[in-house]
1. For region 24-66 and region 84-100, compute the distance between their C-alpha centroids and round to whole Å.
2. Considering the options VAL124, PHE91, SER19, tell which one lies farthest towards the positive end of the dipole of region 7-140, charges being +1 on Lys and Arg and -1 on Asp and Glu at the Cβ, about the Cα centre.
3. Counting other C-beta atoms within 10 Å, and keeping those with at most 14, which DSSP coil chymotrypsin sites (Phe, Trp or Tyr not before Pro) do you find in region 66-140?
4. At a Cα cut-off below 24 Å, give the lysines reachable from LYS15, other chains included and same-chain residues fewer than 8 away excluded.
5. Using only the alpha-carbon atoms of the chain, report the extent along each of the three principal axes, biggest first, to the nearest angstrom.
6. How much of the accessible area of the chain, probe 1.4 Å, is carbon plus sulfur, in whole percent?
7. R0 = 30 Å: FRET efficiency of ILE87 with LYS15, Cβ-based, nearest 0.05?
8. Mind checking the full-extension length gain between ASP53 and ASN140? Use 0.36 nm per residue of separation minus the Cα-Cα distance, one decimal, nm.
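The values are calculated or read from the model by the stated rules, or taken from the named source; none is laboratory data. Please read these numbers as outputs of a predicted model, since none were measured by experiment. Reconstructed Cβ throughout: ideal geometry from the backbone, glycine too, with neighbour counts over all protein chains shown. Just so you know, the surface numbers come from the protein's heavy atoms only, side chains and all, with ligands and any DNA or RNA stripped out. Shrake-Rupley method; radii C 1.70, N 1.55, O 1.52, S 1.80 Å.
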Amino acid sequence: MPMYTWLRPRRGDSKQVLSERQRVAGKLRALREALEKHIQDQQTEDGTPAPTDSSKVLRLATWNIREFDSNSYGERLWESKSYIAEILSHFDLIAVQEVREDLKALEDVMRLLGPGWGHLATDVTAGSAGNRERMVFVYN
């Protein structure tokens, strides 16, 4: 489970900051509940419920995460990184595409995911057509 320490109230936080953090925490709870419900509602081809025991199931995903992060669109906010971490946390192995050369945003997401998570990154694609992007495999 991701660790959202940045949402903890701190001495001196304004009412606006506290309200914003509560809003984000509520959205993260709703996202987690929706993802868990989606997983529980899965069925096999014969219509029986799919197993949910993580020791018997390997959840794989791919995610083309459009220029994660780039100067074109700017850095993602901690709120966005938290939503990304929450989604990733529901899988065991994720191929994340379009990760930029600078891995700072990915490293922030990895910190949110916690010490049980790791990643393996390819080299960046050379040349202007490659946009200095890479693929990263994130795993639990």
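1. A separation of 13 Å, based on Cα centres.
2. SER19
3. Working: sites: PHE68, TYR73, TRP78, TYR83, PHE91, TRP117, PHE137, TYR139; in loops: TYR73, PHE91, TRP117.
The qualifying sites are TYR73.
4. LYS27, LYS81
5. 50, 48, 24
6. Details: 4750 of 9200 Å².
Looking at the chain in its full context, I get 52 percent from C and S.
7. Values: r = 30 Å, r/R0 = 0.99.
Plugging the Cβ-Cβ distance into 1/(1 + (r/R0)^6) gives 0.50.
8. Details: separation 87, 0.36 × 87 = 31.32 nm, distance 1.50 nm.
Gain on stretching ASP53 to ASN140: 29.8 nm.
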